[in-house]
Every structure is written in C-alpha cells, then in structure tokens.
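The values are calculated or read from the model by the stated rules, or taken from the named source; none is laboratory data. Just so you know, these numbers come straight off a predicted model, no measurement behind them. Positions of Cβ are backbone-derived with ideal geometry, glycine not excepted, and every protein chain shown enters the neighbour counts. Keep in mind that these areas ignore ligands, DNA and RNA; they rest on the heavy atoms of the full protein, side chains included. Shrake-Rupley method; radii C 1.70, N 1.55, O 1.52, S 1.80 Å.
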Amino acid sequence: MHGEYKVPGGKLVVVDLEVEDGRLKDVRVAGDFFLEPDEALLAINRALEGAPADTDARGLAGRVEAALPEGTVMFGFTADAVGVAVRRALAHATDWTDYDWQLIHEGPQPPALHMALDEVLTEEVALGRRPPTLRVWEWASPAVIIGSFQSLRNEVDPEGAERHGVEVVRRISGGGAMFVEPGNTITYSLYVPESLVSGLSFADSYAYLDDWVLGALGDMGIAAWYQPLNDIATDAGKIGGAAQKRVVTGAGAVLHHVTMSYDIDADKMVEVLRIGREKLSDKGTRSAKKRVDPLRRQTGLARAAVIDRMIASFRERYGLTDGKVTEEEAARAQRLAEAKFGSWEWTTRVP
C-alpha cells in the first residue's frame, strides 16, 4: 500500500507498507522533508511496525513521538503528518496527479444558478460522469449567500438587502454568510472524488484542498496561511473563507468552495449583513470592516490577472484542461435553481 500527504505549507510525506494479520508490516517512510539525526527515520519506521491497522492518525503519531531520539528535529513535517500518510495508504487514497482535471470558467450566472451548479457538478463527479473539476465563478448580480444551517433573520437585514438590490440565497454547505458583488470577489469550487481526501480528518481536508491557492498567493507576494477551521488569512487580515459539502452518491465526492475578497464595499456589507459581536470577538477584531483585507490592495493586480495566475498555478501543479458545463448539466442546474435554490421555502428553511 502506498500513501502520500503533502503538509500544507510544508513537505511531502510518503509511506509504503503492507498489512498482515491486521497489523502494519514493512513500513517505509520517505519524503522531501528534513530530519535530524539520520537514525530518527529508522526509529519512525520501527515505531509503526506492528501497529494495529485500525489505529487512527493521532494514535500512530503518538507511537512516532514516543520513539524519536532525544533532540530530534523534524522540519517540514510532523509526527501527525506521518500518521495521516499511513491512514491515506490504508484507505487507498488517491493523489491530485492521479486525475485529469478540468477547468470551468464561464460567463456571469445568477446566484441561485451558482448554488445549483455546485450541487449538480458534485454529484456528477461522485457518479464518475465528470472528471475532478475546478470551477471559477462569475457573478451576474450582488448577493448574500448564507450557510446551509444559518438563520435567515439572524444573518441578513432585509431592508438593507432590498435597498441595495442584493439577492439572498442559501447554499448546500455549512459555514457563514458571504456578501458578494460582481467584480469584487473571487469564488471557486473544487469538485473532487472522496478518495482524494481519504485518510484526512475533516479539518485537515480544508487546508489540504487549498494548499495550491496558498502557493498561488505566495507567487503574487502574499504570505497567506490557513486559519482553522476555514479562513485564509494574512498579517493584514482575512482574505477569504472556505466551506465543504460531502456527497455519498456513487463513489462519493466533496464540494469545496472558497470566496476571497478582491475588493469590498465594507459600508454596504454591514448594512446588509448582521455581523454579531460574538463573531467579531472570536475573530479578534472590534469592527466588521477590519475583518477583511482585499486582494486588490495586497496584490496591486487587476482581478482578471489574479484569477489567471491562480489558474496557471493550479495547471502547473496538477494539469488542467479547459472544459465547460455540459448541456445536460446546465439543464439540471437550471431546473434545480428554479425549484430549490430560487424558492422561498429553501431560503427560509432555517427562518
């Protein structure tokens, strides 16, 4: 069995092993990490040898930590990363480069149709009818997108939304509300097979699926990192946030979507969203206007240029073929937008 885990912001950990009578056998850990002293690698392998195959990642990491020689330095990886790589090997997890990735970047769409496309394309990947896909969104109108489990009345000021012509829609993933305007945000979705994140905890999968965009931002001069659970941040403030939805249809798939602020009308945002004091205090700031630091200021680049560089970074890492939403997918999404995501019943399912 073979498993790989790229530590977000760190190095690659590779594990090869066999299982005999329910225990790990012939464990070999490798990677492009740094480790001192040399004999620590042998200690890691020995610590994992004979471990029960159902040991979770933290339990495996504990065995590694207990076996390391005094003064061991692990640079670019951790004992937890080794545990994750072992679990991915046991789960027969796949890697980014195992797939032929497709790019969808089409013209502006209404907010409800974006919600529907996310559901349809995730299901198509789960059923094996579509390859793993990166979709970059373009917005046709201003919107507030609330999380699947958020209360509409607690999150949105209806008078502010009406005054500014902002449509309110509800997505299928959890997380918090987003305020978007055409040209002011960069939103993308990843539709990936469940096997890509096999062996990862729910929390680890967030950082894993966005490691590529942190690299792309770094190439643009932005030192960004993942702020658990689901924020992308810099020293200057929050750039964006992610959300996920797991689909169990077919072989299973994960929807992972991110909205990053390119520019923002903060005054309008606080007139449309009800951003509570509790959330602000949790984020360590006293003003909603100071929570987000847009990419436009940080990069000095046009929005289209930022998107082009992000796409180029993904293509260089994993390969990417230009594609489009098929006629069948578009028809399904249109019906879903009208029947579900554009309905008052769905939008108010949590009043």
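Worth pointing out:
- With both residues required to sit in the stretch 102-348, DSSP beta bridges show an antiparallel share near 75%.
- Close lysine pairs were tallied over the chain: pairs 8 or more places apart or on different chains with Cα atoms under 26 Å apart number 21.
- Amide proton proximity set for residue 101, modelled H, under 5 Å, gap of 5+: 321
- For the chain, modelled as a GNM whose springs connect Cα atoms under 10 angstrom apart, the maximal fluctuation among 55, 185, 259 occurs at 55.
- Within the chain, the proportion of Cα pairs with more than 33 Å between them is 34 percent.
- In Å², nearest 10: area of residue 44 left accessible to a 1.4 Å probe: 0 Å²
- Volume per residue of the convex hull around the Cα atoms, evaluated for the stretch 145-218, comes out as 125 Å³.
- Mean Kyte hydropathy of -1.0 or more with a Cα span along the axis of at least 20 Å, helices from DSSP in the chain: 111-126, 303-318
- Per residue, the chain exposes an accessible area of 45 Å² to a 1.4 Å probe, with every protein chain left in place.
- Cα-projected label distance for residue 28 with residue 348, points at 7 Å along beta-carbon direction, nm: 6.4 nm
- Rounded to the nearest 20, the Cβ-based charge dipole of the chain about its Cα centre (Lys and Arg +1, Asp and Glu -1) stands at 1060 debye.
- FRET E, pair residue 75, residue 303, Förster distance 41 Å, beta-carbon r, rounded to 0.05: 0.65
- Placing pseudo-labels 7 Å out from each Cα toward the beta carbon at residue 339 and residue 251 gives an inter-label distance of 2.7 nm.
- Label point 7 Å beyond Cα of residue 316 along Cβ direction - residues of the stretch 207-230 with amide nitrogen under 12 Å: 215-221
- Descending semi-axes in Å of the stretch 2-91, equivalent ellipsoid built from Cα gyration tensor: 19, 15, 11
- Gained length - residue 201 relative to residue 154, 0.36 nm times residue gap less alpha-carbon distance: 13.9 nm
- Result for the chain in a Gaussian network model with C-alpha springs under 10 Å: among 123, 70, 338, the largest mean-square fluctuation is at 70.
- Measuring r between the beta carbons of residue 42 and residue 138 and using R0 = 45 Å, the FRET efficiency lands at 0.25.
- 3J(HN,Hα) along the stretch 70-78, derived from phi through the Karplus expression 6.51 cos²θ - 1.76 cosθ + 1.60 where θ = phi - 60°, amounts to 4, x, 4, 10, 10, 10, x, 7, 9 Hz, with x in place of Gly and Pro.
- Accessible area of the stretch 2-91 belonging to carbon and sulfur atoms, whole % at 1.4 Å probe: 51 percent
- Once the chain from residue 97 to residue 324 is taken as fully extended at 0.36 nm per residue, the excess over their C-alpha distance is 79.6 nm.
- For the residues 167, 345, a 1.4 Å probe over the protein chains yields an accessible-area ranking, largest first, of 345, 167.
- Highest-fluctuation residue, 335, 274, 297 considered, GNM on the chain with Cα pairs under 10 Å: 297
- Radius 9 Å from Cβ of residue 49, net charge of other residues (Lys, Arg +1; Asp, Glu -1): +2
- Probe 1.4 Å - accessible area at residue 87, Å² to nearest ten: 60 Å²
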